[in-house]
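Remarks on the structure that follows.
The values are calculated or read from the model by the stated rules, or taken from the named source; none is laboratory data. Note that the coordinates shown come from a computational prediction; the quantities given were computed from them, not determined experimentally. As a convention, Cβ positions derive from the backbone with ideal geometry for all residues, glycine included, and neighbour counts pool all protein chains shown. Side chains are part of the model used for accessible areas, which takes the heavy atoms of the whole protein and leaves out ligands, DNA and RNA. Shrake-Rupley method; radii C 1.70, N 1.55, O 1.52, S 1.80 Å.
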Amino acid sequence: MAKHSDEDKVPFGLDRREFIKWTFALGLSAGAFGSMPHVMSLVDQKTRPYVVADKVIRAGCPSHNCGGRCVLKLFVKDEKLVRIETDDRLPDTISDPQLRACIRGRAYMRRQYHPDRLKYPLIRTGKRGAGEFRRATWDEALDRVASEIKRIKNQYGNQALYVPYGTGSYNQLNGRQTAARLFNLIGGSLGFYNSYSWAAISKATPYVFGTNVTGNQRQDWVNSKYILMWSWNPSEMRDGTNSEYFLKKAKENGAKIVCIDPRMSMSAVSLADEWIPIRPGTDVALMSAMAYVMITGELYDKDFVAKYCIGFDQSQMPEGTKNAESYKDYILGNQDAIPKTPEWAEQITTIPKETIIRLAREYATTKPAMLYQGYGMQRRAYGETAVIGGCVLAAITGNIGIPGGCASGLALQADDGGPFWNVFPTGKNPVKARIPTFLWTEAVLRGKEMTADEGVTGVDKLDSNIKLIYGVATNALINQHANVNRTAKILEDTSKVEFIVIHDQFMTPTAKYADVVLPVCTQMEMWGLEDGWKYGDEVILMPQVLEKPYETKSDYQICTEVAERLGVKEEYTQGRNEKEWIEWALGVYRETRFPEVPTLKQFHQSNKGVYAKPVTNPKIAFDDFRHNPEKNMLKTPSGKIEIFSKRLYDMNNPKYIPAVPKYIEEWESPFGKEAKRFPFQVIGHHYMARVHSTHDNNDYTNEAFPQRVFINELDAREKGIKSGDLVKVYNDRGTIVMPCRITNKILPGVIDLPQGAWWTPDEKAIDRRGNVNVLTSHKWTPLAFGNAQHTIMANIEKAEEA
């Protein structure tokens, strides 16, 4: 038997081979256990070795925006992390469940002690993107950074400065917010709004409800009897720690769960009673056909629609919309002569009409029912319409404002809207101008030409193109942004963005395009604090467990030293060190969400890792509105649920921004002329091996979940492709060559390339790692100006080269 060194030990005491064995056992057993955390807890119980540790510390997982916020149990010996387990608090109840980590948290030692950690400041010596740097001292690097900030600010003005979107850390003192505070103290920088995750759904939901707080607290999910998981994969992407646990409990309580997704996800396998594969980008066609069945069969909730909604039919239309098309008009085809029948939708979605009819009847008649929308469906062309379509289905079935129901949309939790993420004060940005975050490349190329037509707010037009980028905890300049090859060419040109700074822990694809790279400590090497993600009623302490290695510093410390060079150190620090800021942050939570949260000293001494507020009486979104709609009017113009939006109608763009949710053929589609050259739709789902691009260099998670192109066996047979073959996936934007895996768990005509792999182009600019953004378009959605990176057409064939 081969021997394994200590370095081959994984965080929870298994060697590499056992880690993989249990991971695959998980896949086979998920249907029985219902969630990865439960299975992994059994692994712990059956394999836990005797561990000698100097101390055991419970702390928040450095989640890197995975969608969860979990508790790790850290075993430290000789000032080194030797083992990771997870939350073991008892009792473990529905009102206050354990916050158990997935394999990414449990394999964190492979990232923590990775040999490629950045150790010293670096200054670029070669062409941007070539990865050629020299070691520098901190003084040299920070003097250069401060000098360039001053130069560009004086030459172009503060609108030329940009702190981009970055979600790699949310522990208060590591992360983008530290740089935002710095720049706000020196006159501000070009701002942005919305996100790569939620752009369309966060913009569209308030057009129906006047708010994004549209979800019941998760403890109420157990009251649902029918759950539609629409484009939702919480078992893998972690849409709030324990979401899959609550779904399992709902199922145990008698709920039927149906998953609508182009691929049979981990959630479909482990949680759903039925998987309905759907052609990507056709969700509104299915929703419309379901509405047709409900309307023609008189299955919709007539009383609810009459009392709480406007725009359903001509009797409810708002003033100033004479002869406009109501929702019922669209569904029945009264104006376009196309009834949205199940037969019509079958040709678009590939879902058999019998399935559509049954699905509509089940959702309309099983009460209470919950339609929960994931985010993949809205990261597409016209993603806003899919969001509104789901909200309307929830409305016409009357599943709003009741236990076990859900209004759909973004579904932030009722009560207080949910977690804060960050309370570290960034201050007010003196620069009023803001752009949609996805359009930053446009602001580099033609910022001075951009207006409200491209989503600019706060000013009529920008004064400058972006000339300096200060990136913290971000890989979105290259890896996570659309159309990688286009973006790389933009950043290679030093006459466009004249200076780029990156704070990071590794030499990521984005860091390779920096002029100065500054090495950052991990969250385990500093003090931090986090609360839940989208859901959660807890605060999790992140005490400093390890010393900062090499010459690494926290983002806060780096920004403090830049602030000193810019003359604003005292204003920046307010006299606080990292630990004192965490004490201050706990005070914010004490004054807002959690009055009984302990002091930092008490919290740390308790070694519980988490303060949780048990939820024994889960809040129901819109229950007050349902009980008294006149007294508790919604924050919409009508005060009601707006199935027809007068605000959207007044935009006078009915083809792309309709007033009622309509199916719109995407700009890249199997039905378009582009399908002749590029016949396959491509999706890039959130993968268990990574958190976006974080952990792509983690050997254990990658061995358990290797990066592959997934293709349906029927398509593979036609192309002469076998599992393990090198394949070429390509369109006009780029080419990828990598191994494939054949599966029947994805719809024919669709290929899946999990998002987040680090872009690795060869000398011919062919990506060898499988970064889906080689293929994605930088075109944005019409209402939110959000990313539509799931709308991709490409071709696949067996690669000729090795």
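Exactly one residue out of Lys467, Lys432, Lys448 is among the charged types (D, E, K, R) and over 28 Å from Thr776 (Cβ atoms): that is Lys432. Checked across the stretch 632-645, the condition of being under 26 Å from Ile742 (Cβ atoms) and of a type in the set (Ser, Thr, Tyr) holds for no residue. Among residues of the stretch 494-512 that are without any contact (Cβ under 8 Å) to a residue 60 or more places away in the chain and of a type outside the set (Gly, Ala, Ser), those with a Cβ under 6 angstrom from a residue that is outside any loop (DSSP other than H, G, I, E, B) and surrounded by 24 or more Cβ atoms within 10 Å (Cβ to Cβ), sequence gap 6+ or separate chain, pair up as Val497/Ile469; Ile502/Gly471; Ile502/Ala511; Ile502/Val517.
With respect to the numbered conditions (1) open to solvent by less than 10 Å² (accessible area, probe 1.4 Å); (2) under 29 Å from Asn479 (Cβ atoms); (3) of a type outside the set (Phe, Trp, Tyr), which one is the sole condition not fulfilled by Gln159? Every listed condition holds for Gln159 apart from (1). Do the conditions hold for Ile582, that is, is it within 30 Å of Asn223 (Cβ to Cβ) and either aliphatic (A, V, I, L, M) or in contact with a strand residue (DSSP E or B) (Cβ under 6 Å, 6 or more places away or on another chain) (or both)? Considered against the rule, which asks whether it is within 30 Å of Asn223 (Cβ to Cβ) and either aliphatic (A, V, I, L, M) or in contact with a strand residue (DSSP E or B) (Cβ under 6 Å, 6 or more places away or on another chain) (or both), Ile582 comes out as no. When restricted to residues that are more than 14 Å from Glu642 (Cβ to Cβ) and assigned to a loop (DSSP other than H, G, I, E, B), the stretch 321-338 contains 9. Residue check: is Pro614 touching an Asp or Glu at 6+ places or on another chain (Cβ under 6 Å), in contact (Cβ under 8 Å) with a residue 60 or more places away in the chain, within 29 Å of Ile57 (Cα to Cα) and assigned to a loop (DSSP other than H, G, I, E, B)? Criteria met by Pro614. Tell me, yes or no, whether the stretch 517-532 has at least one residue that is part of a loop (DSSP other than H, G, I, E, B), modelled with pLDDT under 95 and closer than 22 Å to Pro62 by Cα. The answer is yes; a qualifying residue exists. Looking across the stretch 443-491, the residues that are in contact with a Leu (Cβ under 9 Å, 6 or more places away or on another chain), in a loop (DSSP other than H, G, I, E, B) and not hydrophobic (A, V, I, L, M, F, W, C) come down to Thr451, Gly455, Ser464, Asn465, Lys467, Asn483. If the requirement is being farther than 22 Å from Arg379 by Cβ, without any contact (Cβ under 8 Å) to a residue 40 or more places away in the chain, charged (D, E, K, R) and in a loop (DSSP other than H, G, I, E, B), which of these qualifies: Glu763, Glu718? After ruling out the rest, the residue left standing is Glu763.
Residues of the stretch 778-795 that are surrounded by fewer than 22 Cβ atoms within 10 Å (Cβ to Cβ) and either of a type in the set (Lys, Arg) or in a loop (DSSP other than H, G, I, E, B) (or both): His778, Lys779, Pro782.
Just to verify a result, which residue in the stretch 132-154, among those that are open to solvent by 50 Å² or more (accessible area, probe 1.4 Å) and part of a loop (DSSP other than H, G, I, E, B), is nearest to Ile500 (Cα to Cα)?
The selected residue is Glu132.
Any residue in the stretch 343-365 that is of a type outside the set (D, E, K, R) and farther than 20 Å from Ile278 by Cβ? So far as the stretch 343-365 goes, yes, one or more of its residues are of a type outside the set (D, E, K, R) and farther than 20 Å from Ile278 by Cβ. Scan the stretch 351-362 and tell me whether some residue there is out of contact with any Asp or Glu (no Cβ under 9 Å at 6 or more places or on another chain), crowded, with 17+ Cβ neighbours inside 10 Å and either farther than 29 Å from Thr214 by Cβ or among the aromatic types (Phe, Trp, Tyr) (or both). No; the residues of the stretch 351-362 include none that is out of contact with any Asp or Glu (no Cβ under 9 Å at 6 or more places or on another chain), crowded, with 17+ Cβ neighbours inside 10 Å and either farther than 29 Å from Thr214 by Cβ or among the aromatic types (Phe, Trp, Tyr) (or both).
Yes/no matrix, rows are residues, columns are (1) buried (at least 24 other Cβ atoms within 10 Å of the Cβ); (2) under 22 Å from the mean Cα position of the chain (by Cα); (3) part of a strand (DSSP E or B):
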{"residue": "Ser669", "(1), (2), (3)": "no, no, no"}
{"residue": "Asn697", "(1), (2), (3)": "no, yes, no"}
{"residue": "Thr701", "(1), (2), (3)": "yes, yes, no"}
{"residue": "Pro706", "(1), (2), (3)": "no, yes, no"}
{"residue": "Phe710", "(1), (2), (3)": "no, yes, yes"}
{"residue": "Val729", "(1), (2), (3)": "yes, no, yes"}
{"residue": "Pro748", "(1), (2), (3)": "no, no, no"}
{"residue": "Trp759", "(1), (2), (3)": "yes, yes, no"}
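Kindly indicate the residue of the stretch 472-481 that is open to solvent by less than 10 Å² (accessible area, probe 1.4 Å) and in contact with a Lys or Arg (Cβ under 8 Å, 6 or more places away or on another chain) and also farthest from Leu190 (Cα to Cα) among those meeting that condition. Filtering the stretch 472-481 for residues that are open to solvent by less than 10 Å² (accessible area, probe 1.4 Å) and in contact with a Lys or Arg (Cβ under 8 Å, 6 or more places away or on another chain), the one farthest from Leu190 (Cα to Cα) comes out as Ile478. In the stretch 69-131, counting only strands (runs of 3 or more DSSP E) that sit wholly within it, the ones holding 2 or more residues that are more than 24 Å from Ala141 (Cα to Cα) and open to solvent by less than 20 Å² (accessible area, probe 1.4 Å) span 71-77, 80-86.
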